[in-house]
Amino acid sequence: MTRVFDANGRAVSVTVIEATPNVVVQRRTTEKDGYEAIQVGYGDRPVSKTNQPMTGHFKAHGIDVPKRHLREFRLEAGAAEYTEGQELTVALFEAGQDVQVTGTTKGRGFTGVIKRHHFHGGPASHGSKVHRAPMSGGATDAARVFKGHKNPGHMGADRRTVPGLSIVEIDTEHNLLVVRGSVPGPRGGLVVVLPAR
């Protein structure tokens with residue numbers, strides 16, 4: 001993340017996303033597959049590290065260099081606009097456009113209730129022996145813990161979509177999208193940027 005200044009001189013917090021060109025690997029059609037979609041590939045992968053079925057899949061659709069990541073996007077209409085081998089660049093977006101960004105959040109491992117559920121904790125002094133523990137486990141006559149009870153546990157590494165973001169700037173020369181706000185995931189993480197629904 002960084003910040004830029006708008007026309008009024010106000011500082012705007014932004015996230016810079018490097019969006020190198022994606023390639024349309026395959027088109028799904030209603031006649032053949034029962035639905036309209038395109039399969040998009042991102043990031044080159046060495047042929048020596050790609051198994052034979054995937055190598056054959058790329059060759060069958062005219063893609064010489066295998067892609068590291070594949071993702072399918074359903075389209076209600078307009079799949080005919082795309083052709084196999086076509087490059088999708090940041091030029092598809094425009095400044096001021098509303099977008100939604102999907103990614104995998106940072107993994108935090110096993111965390112306590114203060115970090116995971118924002119509990120305020122117990123007294124910090126005067127003989128208290130409970131500072132960060134979750135205190136009561138709920139009803140005692142049930143002989144079990146009810147579902148949904150907020151306990152310590154695994155936090156993060158979840159798929160999250162952040163809606164309501166907008167594109168501040170586009171750098172087509174360096175394949176950069178400057179998006180207002182924060183997006184899920186660590187630096188270098190993989191995200192999907194789509195027009196807002």
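Quick check, is Thr83 of a type in the set (Ser, Thr, Tyr) and loosely packed, with under 11 Cβ neighbours inside 10 Å? Yes; evaluated as a whole, the condition is true for this residue.
Per this entry, Lys106 is not counted among residues that are in contact with a Phe, Trp or Tyr (Cβ under 7 Å, 6 or more places away or on another chain), in contact (Cβ under 8 Å) with a residue 40 or more places away in the chain, closer than 30 Å to Val25 by Cα and not polar (S, T, N, Q).
When Arg74 is tested against (1) in contact (Cβ under 8 Å) with a residue 60 or more places away in the chain; (2) basic (Lys, Arg); (3) exposed (fewer than 14 other Cβ atoms within 10 Å of the Cβ), just one condition goes unmet, and that condition is (1). The number of residues in the stretch 125-179 that are over 20 Å from Thr15 (Cα atoms) and hydrophobic (A, V, I, L, M, F, W, C) comes to 9. Among the residues making up the stretch 106-143, those that are among the β-branched types (Val, Ile, Thr) and over 15 Å from Gly153 (Cβ atoms) are Val130, Thr140. One residue stands out among those in the stretch 109-123 that are touching a residue at least 40 places away in the same chain (Cβ under 8 Å) and not aromatic (Phe, Trp, Tyr): the one that is nearest to Ser136 (Cα to Cα), which is Gly112.
Scanning the stretch 19-42 for residues that are surrounded by fewer than 12 Cβ atoms within 10 Å (Cβ to Cβ) and either part of a strand (DSSP E or B) or on the phi > 0 side of the Ramachandran plot (or both) yields a single hit, Gly34. Of the strands (runs of 3 or more DSSP E) lying entirely inside the stretch 76-184, those containing at least 2 residues that are under 18 Å from the mean Cα position of the chain (by Cα) and not assigned by TED's automatic domain parsing to the domain that holds Ala60 span 98-104, 159-171, 176-180.
The values are calculated or read from the model by the stated rules, or taken from the named source; none is laboratory data. Not measured: the values here are computed from a predicted model. So basically every Cβ, Gly included, is an ideal-geometry build from the backbone, and we count neighbours across all protein chains shown.
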